[in-house]
Every structure is written in C-alpha cells, then in structure tokens.
1. State whether one or more residues within the range 311-327 are at negative phi, at pLDDT below 95 and in contact with a strand residue (DSSP E or B) (Cβ under 6 Å, 6 or more places away or on another chain).
2. Does the range 133-147 contain at least one residue that is within 16 Å of Leu383 (Cβ to Cβ), out of contact with any helix residue (DSSP H, G or I) (no Cβ under 8 Å at 6 or more places or on another chain) and in contact (Cβ under 8 Å) with a residue 60 or more places away in the chain?
3. Return a yes/no flag: does the range 186-194 have any residue that is within 28 Å of Asp352 (Cα to Cα), without any contact (Cβ under 8 Å) to a residue 12 or more places away in the chain and not assigned by TED's automatic domain parsing to the domain that holds Glu349.
4. Is it the case that some residue within the range 292-308 is of a type in the set (A, V, I, L, M) and at pLDDT 95 or above?
5. Can you name the residue in the range 236-260 that is touching a residue at least 24 places away in the same chain (Cβ under 8 Å) and of a type in the set (Ser, Thr, Tyr) and, of all such residues, is surrounded by the fewest Cβ atoms within 10 Å (Cβ to Cβ)?
6. Do you know which of the residues in the range 104-147 that are touching a Ser or Thr at 6+ places or on another chain (Cβ under 6 Å) and either among the small types (Gly, Ala, Ser) or loosely packed, with under 15 Cβ neighbours inside 10 Å (or both) is nearest to Phe61 (Cα to Cα)?
7. Is the range 200-222 home to any residue that is in contact (Cβ under 8 Å) with a residue 24 or more places away in the chain, surrounded by 20 or more Cβ atoms within 10 Å (Cβ to Cβ) and closer than 30 Å to Asp369 by Cα?
8. Show me the strands (runs of 3 or more DSSP E) entirely contained within the range 208-300 in which 2 or more residues are under 27 Å from the mean Cα position of the chain (by Cα) and under 30 Å from Glu388 (Cα atoms).
Amino acid sequence: MYYRNISSVDELMTLLQAASEKASEITDILEAKVKPKDDDKLEVHYAEEGYGCIFKHIIMFTNNKDPKQNKTLKNVYDAIENIKKKKIGTVPELHLFEAQEVVTTELEDGAIKISDKDNEFIVDDEISNADTLVLNRLGAIGEDECETVVEKLQDRGFLVLNPVRGSLLACDKYDTSVLLQKGNIPQPNFALMTKDVLYDEKLYSKALKSIYKEWTDDNEDLMFVVKILDGHGGTGVALIPNKYLKAWLQLVFAVDSDRSLLIQRKEEADGGDIRVHVLTLRNKQVILAAMKRVKIEKDFRSNVSLGASAEPVKLTPEQEQIALRTAKLSTLPWCAVDIMPLVKGSNKELGDNVVLEINASPGTDGISDVLEYNFVNVLINELNDSKEFKLQNKIAGYIETATVNFGENPIDVLALLDTGNGTAASHIEVGDYTETDKDITFTFFDKKYTFEKTGTSNAIVGTEKFARPIITIPYLKLGRRVLTNVPIAVVKKREKSTNMLINRDLISKFGYSVSANDKHLLSREMEKIQII
C-alpha cells in the first residue's frame, strides 16, 4: 500500500477495511483446508441400557475360564443371566474355550468340531451365522490353532468380535501408529526404534528429530514414552528422560537384539485419558460407552488394570469425531479408542486431544462399573440385525444354488448373482400371485403363502418398466451363510435361465465377491426348477 497516493483519512480507512476483509477471507480458506467440513462429520449416536438378544449361541475364546479372575467372562455370564431374567429376545448358550488348548477338526460333512480339554462344540449347517456370535478375546491372538478356528468361523460368515487381521494390527503399536498417521488422526509424534537404528548415528538422530524437532543429545528437558509393540494393560511402557534414553535402549537391545520399540513424544495430559467403546457395523456406528481413567498417583499411566480409577465423562464433539473416525479406520466391529486430552495450548499442531491406541479386546469390568449396569448387555443389545454385520469377503460364482424358506420347508432354487444390478430388491419367480393393497398371496410347491406387501420395485427390462411387489421372507441361504428377514420382489415368471436374481445389495450383505468366470463355487450344481 502506497500512502502517498491516498488523498484523505476516509480513503485510508476504506482501504484498511478492505484489506482486513481480504485477510479474513484468506484465513477462512486456510482453516477450511485444515478443519473438516460439517458435511464430513460422522453422525453421533449413543447406545442406551438394553437387554435384547438375537443370538442362540455365543462362542468365546479366552485365556482364562475362571470368572473370578476373568472379569469380562463374569460380565458375559451375568449378561446372559440378565437376558434370561428380562425375558427379552433369545437366551444364548455359551460355548467357552481356552485359547491355548483349542483343537479344531474338519468333519466329513464339512462341519467343524471345536474342542479343548473341557468342552466340545460342533459347528454344522444347523448353526447359523445369523444367530451366532464369536467373542475373540486377547488370549486367542498369537495362538496359531485358535486363530485358525476363528478364521474358519469368519469364512463361514460368523460375526467375530474381533476378526483376526484387525486384532493383530491393533495389537502392534507401531502398525497402529502408521494407520492413525494415514488417517490423519491426531497422535503423539513417533518413531520405530531397533538395534540397527540405535547404532547408526544418522538414523538415530533422524528418528528422534521426527519426534522433537529440537532434539539433541544434550537437551535434557525432553521426555520420551517408550513402548514394546505388543504390550497391553499399561505393561511394557516406560517414561525415559533424554539423557538416559540411549543407555536404556542399549540395555534393552543387549537383552533382546531383535526387539522393536515404539518411541513417542511425551505430551502434557490433562489429568488422565478417556476410553471410548465404539461399535461399527455396515450402516451403523454407535458410541457404546465412555469413561475417564484418572492417572495413577506418582505414575504417568492411567490403566484401570493397574489401579487407576474410572469415572463418567461427557465427550466433547471433537472427541466424539476422533473416536468414530478412529474406530472406522481400524475396521474392527467393536473396539476401544483411548483418547488423551491435552493441556490447553500445550501442542498447537495437534489440538486438544490425541489418540494413544486402539484396543481390539477391551475389558468390560471398569466400564460396567461406570455405567452401573452390565456393558456386555449394551453390546449384545446393539447387535440386533444380522444384515448389519460386516462379514469376511469370500468369492462366489455368478450362478449359485440358493435356499429359500417362505416359512415352511426350505427349497433350493437357481440364482444369478448380478453385481451390475442396482434395483431396489432382488427378485424370485413364484408363479401366479394375487395382490391387494396390503398383501401378496401365492402357492409355492403346494404350499400357500400370504405376505404383507412392504414396497414396490420398479424394474426396467429392455424398454418396458415393471412394478414388482416386495415382501420380506424369513430366510435365505447362500453357501453356508444365512440372511434373515430378507426383502425380495416377486415375479410371475423370470424369462431367464435362473429362478432368482440376487442384486448387489444382498450380495454385499452376504459378504460375497462375485467371480465373473465361475459358477457354483459355494454350492452344488442344479438346473432351473420349474415354478409354472
């Protein structure tokens, strides 16, 4: 701005005002690039106390079958007893296995026998993925035989809390830090430390400067949090001053030269951390519960298992979004996100909160005490629709045999799996039917059925448009996976080589990916059955 060209005070004030408005616009643009837009915010829903249950079976793998010592197991027993008392939904049968003792056997009919020294359970075609829950606790991770049986159950479409791959990632603190970094989740600066890095001066300096830009060997004010990669419950964590760090690392690598460690910046915690339990399903994400864990006196950790106290907490909008985004990023159906509130202004680059870790096998005892009712009941109550469960991907043929049950005897039909079909509902031919404003009636293999009409699917075939009534059938099976209460349109006759079309929405709910080249990868071959 050239002041010699300004002729009056009024003109100067006008120019200054314009410059201020322009600066404000630039600031808004810069902040918009950094801050998430309102449109990007995830919807926030909280779970409430509930005792519903859709599961007939709960299969649990754990490292301790004594409910007096295993508090989460005791909560599972208590939750089942609560369901029985409340008489809401199904009372599940618990099948409990010690992870270290698990043996799995493939039977001739394709069933799986799971056993340990005390118990045995056979998973055959009568055990449905739609009403069976698998609880995969921490003791199962790293046990090869147990991981194998859990993966087999995943393959059959059972809901596993939590799947092996996501659990293994969450159990590795460095892998978790890299995942959080890719997802732009705020966390303390970190680096991986190995013996090779420690004894390479350039690599060592680069690693520590990625944590503190001002790092030098002589800077005694810097503090580092050092963690083993597979620690849990607050064990395997140390707070080390910079002046002792190198000697401490030399000691660790002298004991175990293959050990890797996570080194983090020590952030200024505002009184402890917050654990947020999150449930993430196909189209539903719920904050199950949250608690604040108050730091242990004369300790920098705040784990309840180490003696820290827990208390109720109201999450800030920022903490809600961080918890939901982190849980979605983890791919775990149920996880606990540990968030540490920071002292205001202590780290302007990160903001007010950082994520410390993702827990794939969180304890339920402390959170139950805070809620003053059983957390496991809250979890099971929210798992109320099997179509919302994310199933492990599996390849299916583009034509398969599907089993349809309208409420009587199940019947096999030939189905086309059409990923290019985006119609409102899959459809099946049923022969002649009568339609009223409310109901659809038809006879299918000598059995008469009447269903409530729940909607209409408008399908375009060539140049013609057809309105097809939609009903909800109780049961549809494809391969070994089952869906219940399935919306499906009825047609008199399909002028195709198959009896049924399964659209991409149902294919996704089954958890299948379709091969464009193969038929009958899941099921026996059959011809199209004659409906009319």
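The values are calculated or read from the model by the stated rules, or taken from the named source; none is laboratory data. Quick caveat, the model's predicted, so the values are computed rather than measured. Note that we place each Cβ from the backbone using ideal geometry, even for glycine, and neighbour counts take in every protein chain shown.
1. yes
2. Going residue by residue through the range 133-147, those that are within 16 Å of Leu383 (Cβ to Cβ) are 133-136.
Cutting the leftovers down to out of contact with any helix residue (DSSP H, G or I) (no Cβ under 8 Å at 6 or more places or on another chain) gives us none.
No, every residue in the range 133-147 fails to be within 16 Å of Leu383 (Cβ to Cβ), out of contact with any helix residue (DSSP H, G or I) (no Cβ under 8 Å at 6 or more places or on another chain) and in contact (Cβ under 8 Å) with a residue 60 or more places away in the chain.
3. Within the range 186-194, the first condition is being within 28 Å of Asp352 (Cα to Cα), and the residues that meet it are 186-193.
In the following step, the residues that additionally are without any contact (Cβ under 8 Å) to a residue 12 or more places away in the chain were identified as none.
Checked against the condition, which is being within 28 Å of Asp352 (Cα to Cα), without any contact (Cβ under 8 Å) to a residue 12 or more places away in the chain and not assigned by TED's automatic domain parsing to the domain that holds Glu349, the range 186-194 yields no hits at all.
4. Filtering the range 292-308 down to residues of a type in the set (A, V, I, L, M) leaves 294, 296, 304, 306, 308.
Checking the rest, the ones that are also at pLDDT 95 or above come to none.
Checking the range 292-308: not a single residue is of a type in the set (A, V, I, L, M) and at pLDDT 95 or above.
5. Within the range 236-260, the match that is surrounded by the fewest Cβ atoms within 10 Å (Cβ to Cβ) is Ser257.
6. That would be Gly139.
7. No, every residue in the range 200-222 fails to be in contact (Cβ under 8 Å) with a residue 24 or more places away in the chain, surrounded by 20 or more Cβ atoms within 10 Å (Cβ to Cβ) and closer than 30 Å to Asp369 by Cα.
8. Qualifying strands (runs of 3 or more DSSP E): 272-280, 285-294.
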